[in-house]
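The values are calculated or read from the model by the stated rules, or taken from the named source; none is laboratory data. Every value quoted in this text rests on a predicted model; they were computed, and no experiment measured them. Neighbour counts are summed over all protein chains in view; Cβ atoms, including those assigned to glycine, are modelled from backbone coordinates with ideal geometry.
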Amino acid sequence: MASTADFRNGMVLEIDAVLWTITYFQHVKPGKGGAFVRTKLKNVLTGQVVEKTFRSGEKVTSVRLLRRPVTYSYTDGQLYHFMDQETFEMIPISGDLLGADQLKYLKENMECSGLMHDGKVLAVELPDFVELDVTRTDPGLKGDTAQGGSKPATLETGAEIQVPLFIEQGDRVKVDRREDKYLERVT
């Protein structure tokens, strides 16, 4: 059991037999009445986001999700299949559960983290930083800008990001997938 004072982003709670991840929380002390905690919760299975308010000091059931390494294998159109690296079992996950923000960086043989509860993988998270090849970008012209500008580039998974002018087609780049942001060129 945990109280509202223990809330942290990423903490998993069990409310009415459903697992929720805290994506945002704020302690509020109004001038009149008791303090409370305003939260945004994301359903671990469906990705649904809801807002919920807890009284200050209220007890909730905290759940610990285990992380297990999984490798992306293939997709059959609707389901994305991951292989558990410990048991070699295939785990099908729906594209809706993965989310479009993760799918645009997913490539074959990518190592990810499977979130487990009660011996079952519920969700998959991609690494925060991915290395991908640039498949298409316009050539950068030297002297185009005084500050060092950027240009659009398409990566091997189909994702589009902004890269510096010196990046060329065929280069390998490191990307922060959470912010769709170029970090560095990989040599």
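Quick notes
- Qualifying residue in the range 62-77 (condition: at positive phi and assigned by TED's automatic domain parsing to the domain that holds Ser113): yes
- The residue that is nearest to the chain's Cα centre (by Cα), among those in the range 9-33 that are among the charged types (D, E, K, R) and either within 12 Å of Val63 (Cβ to Cβ) or at pLDDT 90 or above (or both), is Glu14.
- Residues located in the range 13-58, provided they are assigned to a strand (DSSP E or B), touching a Phe, Trp or Tyr at 6+ places or on another chain (Cβ under 7 Å) and in contact (Cβ under 8 Å) with a residue 40 or more places away in the chain: Leu13, Phe54, Arg55
- For the range 56-104, a tally of residues being of a type in the set (D, E, K, R) and under 21 Å from the mean Cα position of the chain (by Cα) returns 7.
- Selected residue [within 18 Å of the chain's Cα centre (by Cα), in the same structural domain as Val28 (by TED's automatic domain parsing) and either under 30 Å from Ser3 (Cβ atoms) or charged (D, E, K, R) (or both)] from Thr46, Thr53: Thr46
- Within the range 173-187, residues that are within 14 Å of Gln102 (Cα to Cα) reach partners that are in a strand (DSSP E or B) and β-branched (Val, Ile, Thr) with beta carbons closer than 8 Å, at six or more positions or on different chains, in the pairs Val175/Val130; Val175/Ile161; Arg177/Val130; Asp180/Ile161; Lys181/Ile161; Lys181/Val175.
- Matching residues, the range 1-45, being among the basic types (Lys, Arg), under 23 Å from Val124 (Cα atoms) and surrounded by 10 or more Cβ atoms within 10 Å (Cβ to Cβ): Lys40, Lys42
- Selection over the range 143-186 of residues that are among the small types (Gly, Ala, Ser) and at pLDDT 90 or above gives a count of 4.
- Residue check, Thr154 more than 26 Å from Trp20 (Cβ to Cβ), of a type outside the set (D, E, K, R) and part of a loop (DSSP other than H, G, I, E, B): no
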